[in-house]
Each structure stands twice: as C-alpha cells, then as structure tokens.
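Structure first, commentary second.
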Amino acid sequence: MSKRDGVDAVPGEQKRRSPRRPRPASGPSPSDASGPTAPDSSGPRSSGPRSSGPRFAKPLSPAGILGWTALSVIAPGAAHLRAGRRRTGLVLFAVYAVLLLAALAYVLVNGVQQLAPTFAADNMMVAAIVGLSALGLAWFAIVVLSYVVLNPRRLNQMGQILSGVAVGVLCVAVMSPFAVAANTVLTLRDTIHTIFPSAPDPDTPNEPVKNPEDPWNGKTRVNFLLIGGDAAGNRTGVRTDSMNVASVDVRTGDTVLFSLPRNLQHVHFPPSSPLRKQFPNGFMAELPNGGLLNEVWQYANDNPQLMGGRNKGARALMDAIGYTLDLKIDYYALMNMYGFADLVDAIGGLKIRVERDVKWGGHFGTAGTIKAGYRKLSGEEALWYGRSRVDSDDFSRMARQRCVIGAFAQQATPAVILTNFTKIAGAAKRMAQTNIPQHLVQPLVELAVKVKDAKITSLQFVPPEFYSGRPDWMKIRRYTKKAIEDSGRPARRAQAAGVTASPGTTAGGPSATPTRTRAATPTQTPTRNTQRAAAKSLSELCGL
C-alpha cells in the first residue's frame, strides 16, 4: 500500500495521522517583545490572564477620573461603562432611569400640589425619612464604587491624594440634599406632634373617622375658629382680640370668613354650655359696658369651677361664637399675635395694599408710619398694621386683620414654605395651639390646597350694618346663612333669584345680597334689618 503525506499505512491497522504541530500561543509579536529580539520558544506558549479594561481605553488622568466619577452622580453607571464593566454599568443606568421615570410620572399624574397631602400622613413621613436616608447612602456607595472601578492606583501618589480628597468632598455634597430633605421631613413630623394633639379633644364631641375616604364623616362644610391672642410677658392671661370663623366647603374649598368684633357685647351661650346657667341673659348682661367677647376665654379659664375643669376657655368661646352664628364650630386654632411676626418674617414678609397711612408703636404711633400704597411689610410692621388703633377704631383694625390673614394665605405658597420651612416650623411651634387631632392633619392639608385655589369671601359684623353694643342676634344668624348660601351660588343663579351683586366685586362672585325677603325684627336694635350686608371678595377688598 502506498504511503501518503502525513499518513502511515500499516497492514491490518487503521490509518494513523501524524501529530499536528502546536500552534504558537497568542502573545506579543517579536517586534513588541522587550529587548532587541524576541526570545525563541520551541514549545507551545500558554496564554496569561487578559486585562480587565477595554483594549481601546487609555490610562485616565486625575481630571478624567474625577470627571467620570462626577458624571456617575447624575448618570449612575457611566464610570463602569468607561472602565469596561458594561453589564454592571447598564444595570445601574437602567435602574436609575426606571426610578426617575416613575417619580416623574407620579408627579405628572398627581400634580405637585398633591405631594403635600400625601406626605402629611405620619406613616408616609416615616417612610420618606427612611427612603431619603437609604438614597443618600446609595448615592454615596455609587460615588465610591465609580471612583474605585476607574483604578486610581495607576495614578502617581500626588494624583491619588488629590483625587481621593476631591471624591470625599463630592460624597459629602451628594449626601447633603438627602440629609437636608430627611431633616426637613423630621422637623415637619416633630412640629405636627407638637402642635396637634395625639388624642381627640374630650370637649369637642366630634365623631372618629369611620371611612378613611371621607375623613369629615359626611360633612359638606367644616367650621374653624381662628383666634389671634395677645398674650405677652407683660400681660396676664390671654385676650382674644382677633376672632374669625372660616366656614369651608370640603368639596370645593370655597370659604366664607366671618369676622366678629372683640367688643361684641353680651353674647349668649347654648343650653349645653356650663355658662348658660351663669349668664342666662347674656355674658355679663348686668354690666352696661362690659361682657365683651374677647373676655370669654379668660373668664372660663379663671373660673374652672363653673366650666367643670381647667383650661376650658377654648370650649367656652367656641360655644359662644357658634351659638351667635348658628354654626357648629368644629375646631379652633389659637395664634399668638406676637409670634405671628416671626411667622411673617419666616416667609419673607407680606405684600399688602395699605389704603391710608397707619401709625404704629404704642398708643401714639411713635415707632413709625406705614405709608399708603402697595407695601411689603416685615413681621413687626404686619403685626402693628393689624393691631394699631392710632387714629382708628376696632372695626378698621378688624378689616386690616382680615387682609393680613388673606395675604398670608395667598402668599404662603408651597415653594415659599419649603424654602423657609425650618423657620416656619420653629415659629409655628412657639405660637400655635389647636384641638385638631393628628389623624386629621392629612385631610386638613388636602383641604388647605383646595382653599388656595377657591373663592374666599368675607363678612364683618360691624357698624353700620351691625351694632356691637346691642347686637341683633337674629340678623347676624340670617346674614351668616345667606353668606354661606351665596358662596357657592353661580352668578346666573344669583341673578335669577333676584339678588344684586355688591359693588366692587367680580362677576359671579359670592357677594350677593338679598332684595326680596325681609324678616321681622325680633328685638329693637339700632341697626335696621333692611340694611344690606353681604360677604365680599377678599381679593378685591384687600387688593390682593
């Protein structure tokens, strides 16, 4: 049998091939080997471990390492992609993109204003604190890992020191926003726990929330008594010099603000009040010039034996004002007026239209003058603008106080509150007192968001329509009811009902007054029952 190349023919056996020559192992070419010539190898060359970095990557300078590390802060995974860790880099970037898009979609669907009610719940605040802390640590880890994966050991000693210090500063800068946000939420939670009681007020017979989706238990309106007290270090007790009732429609947020004068005399108490037996004919009716409304709170606190307990001033005042307006006062909020100045300063001042010069400071206005025109008032100026009686009277002061409340409600936007939150929280804890329980804080924030975009009208019980020395209680109740009805009545319906809009109000505004029905006079009073009085737009009254 013939012999072929590479094959040995052996009789009676299979063909056997000669062993192949081993291929040279991949490695540097002779021209790339160290030395003038490559070393001669007679056997197969074993291939060593390949480099972890990509073949196209060049060694990074300190500036390059810092740049890629900083880029990883806003685009996690960028440094890993640069270092050749493509799978890790793509995973990091994908997770970041999904979280970012989910957050953006949530904001677009729910709106920015809905974030405040959502995070007002206690469990959400705890979750936000934990989540922000976790995100801060996660971003810290991303910065460190991004720096390490870029292999800063290839730098010289000075480059390693400088880049390490710079990355440490970057880590602190990255964690700071999360720390500030977590501290803000923690401050909010502490403020809520300080101001709002954890248990319902035993003196306020409000039913517990039965349906979480209806925290107001089927009510269409909720009435809040807003009190401004003048307690100070040089005064004994609290005099409630500013008393307003905010009647809020829980469906639309439309609000009617009722202002009661501090010198309203001889208010009556409902049969359920302990003071009804003490004053069956009205509060201190035996005193011709006494028994003012702003004395009720302190009288109840000074006479716990009549009220059946201590610190019942809020309960007595809620009873008196609720009975006067024929409204059920659900909750109250007391604000120390001297602390109110700190709150105004915390939001950067109030812009108010001053109709005429107002002197302030003491009884003679020696501290200064608030000039007429559109002014931005500091906390002290806003306080005196609402309290000054120099060349003025209580009723003019009530009108100014009403405008201060409206200006604050309008200008305390979410952006302003977030920017100055720490100052606002500190001022609020020093000045506020309320009986609104903690479980209603979230619904209250939701209602406040509605009120900011709704109609706010105002009705003052002042002369010449209402006389404080001898009030016509039936007339007060009638106009209270009419103001609430008109607050949600469109303009066309008001005209069809024979109601004329008050001068100076916008079309369709809730400032209509009745012209058809006239109730009989229950008692003789210095004010005629035919006198027109109506709730008017707060924006136009105050030039907001």
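Would you mind classifying the stretch 123-206 by shape? Square roots of the alpha carbon gyration tensor eigenvalues, ordered a ≥ b ≥ c; an a/c under 1.5 is rounded, otherwise it is prolate if a/b is larger than b/c and oblate if not. It comes out prolate by the Cα gyration axes. Structure note, pairs K219/K312; K452/K475; K328/K475: Cα-Cα distances above 24 angstrom occur for K219/K312; K452/K475.
Ligands, DNA and RNA excluded, the heavy atoms of Y147 present near 30 Å² of accessible surface to a 1.4 Å solvent probe. When each of the peptides 345-355, 134-144 is scored by how many other beta carbons lie within 10 Å of its residues on average, the order from highest to lowest is 345-355, 134-144. Among 424-432, 298-306, sorting by the average number of other beta carbon atoms lying within 10 angstrom of each residue, highest first, gives 424-432, 298-306. A cut-off of 5 Å between modelled amide H atoms, ignoring neighbours fewer than 5 places along the same chain, links V354 with G373, Y374, R375. Per-residue packing, averaged as other Cβ atoms within 10 Å, sorts the ranges 65-72, 375-382, 240-247, 154-161 into the order 240-247, 65-72, 375-382, 154-161, beginning with the highest. Using only side-chain charges placed at the Cβ, +1 for Lys and Arg and -1 for Asp and Glu, the dipole size of the stretch 339-445 relative to its Cα centre rounds to 120 debye. V238 sits with roughly 30 Å² accessible to a 1.4 Å probe, with DNA, RNA and ligands left out of the calculation.
The values are calculated or read from the model by the stated rules, or taken from the named source; none is laboratory data. This structure is a prediction, so every number in the text was calculated from the model and none was measured. Because the Cβ atoms are built from the backbone with ideal geometry, glycine has one as well, and the counts that use them run over all protein chains shown. Just the protein is used for accessible areas: all its heavy atoms, side chains included, with ligands, DNA and RNA removed. Shrake-Rupley method; radii C 1.70, N 1.55, O 1.52, S 1.80 Å.
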